[in-house]
Amino acid sequence: MELRVNEISSLLTTRYPLSGNHHEQNSSDVPVHRDWDITSKAALVILWGLLIYPRLDPEMRLQPPPVVSVNQLHASFREHLGSEQQWRSMLERFVQHDYIRIQAPDRVTPGTRLFASVDAAKMYDLFRTSVLVRQLHTTTKSPRNKNS
């Protein structure tokens, strides 16, 4: 079953600051992604599933963390992420707001906001029971990571 962008983006659950004031524009705790387009939100779901979920899943965290490449990610999820130009623009925004960090030369690692702004408890439950996690890890698995 192929998931569409709007279905993937709908999985994004946001963790709001404990103060309950969701309208503070200058607060570094306010998740900036709440007003983004569905493609950007879908990309955050995909990135969370690839970068954070394996650290939380009891079986997956026994394995080395997956290496996520900018180019491999776009090649695997092009239909969800849009054109190369759109993808690069999203990456710049994600880096600017510290959702991800790009390590030389092509490796994506999680940024602080991917941990802090996305509600891990709700996302974990969704991913644990979803086919999306299997699709993500099957699609991005490279031959050199299959050492079993």
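Can you name every residue in the stretch 65-74 that is in a loop (DSSP other than H, G, I, E, B), in contact (Cβ under 8 Å) with a residue 24 or more places away in the chain and either among the β-branched types (Val, Ile, Thr) or surrounded by fewer than 16 Cβ atoms within 10 Å (Cβ to Cβ) (or both)?
Hit for the stretch 65-74 is Val67, nothing else.
Only one of these conditions is not met by Gly49: (1) more than 22 Å from Ser89 (Cα to Cα); (2) at pLDDT 85 or above; (3) of a type in the set (Gly, Ala, Ser). Which number is it?
Tallying (1) more than 22 Å from Ser89 (Cα to Cα); (2) at pLDDT 85 or above; (3) of a type in the set (Gly, Ala, Ser), Gly49 fails exactly one: (1).
Scan the stretch 75-85 residue by residue and report those that are free of Cβ contacts under 8 Å to residues at least 60 places away in the same chain and in contact with a helix residue (DSSP H, G or I) (Cβ under 7 Å, 6 or more places away or on another chain).
Leu81, Gly82, Glu84
If Trp48 meets every condition in (1) surrounded by fewer than 21 Cβ atoms within 10 Å (Cβ to Cβ); (2) of a type outside the set (A, V, I, L, M); (3) in contact with a strand residue (DSSP E or B) (Cβ under 6 Å, 6 or more places away or on another chain) apart from one, which number is that one?
Of everything listed in (1) surrounded by fewer than 21 Cβ atoms within 10 Å (Cβ to Cβ); (2) of a type outside the set (A, V, I, L, M); (3) in contact with a strand residue (DSSP E or B) (Cβ under 6 Å, 6 or more places away or on another chain), Trp48 misses just condition (1).
Which condition does Pro58 not pass, out of (1) part of a loop (DSSP other than H, G, I, E, B); (2) at pLDDT below 85, if it passes all the others?
Every listed condition holds for Pro58 apart from (2).
How about the stretch 78-118: which of its residues are over 20 Å from Pro31 (Cα atoms) and hydroxyl-bearing (Ser, Thr, Tyr)?
Ser83
How about the stretch 81-144: which helices (runs of 4 or more DSSP H) wholly inside it have at least 1 residues that are among the aromatic types (Phe, Trp, Tyr) and at pLDDT 80 or above?
In the stretch 81-144, the matching helices (runs of 4 or more DSSP H) lie at 84-96, 112-116, 120-128.
The values are calculated or read from the model by the stated rules, or taken from the named source; none is laboratory data. Computed from a prediction, not measured in an experiment: that's the story for all the values here. Neighbour counts run over all protein chains shown; Cβ positions are idealised from the backbone, glycine included.
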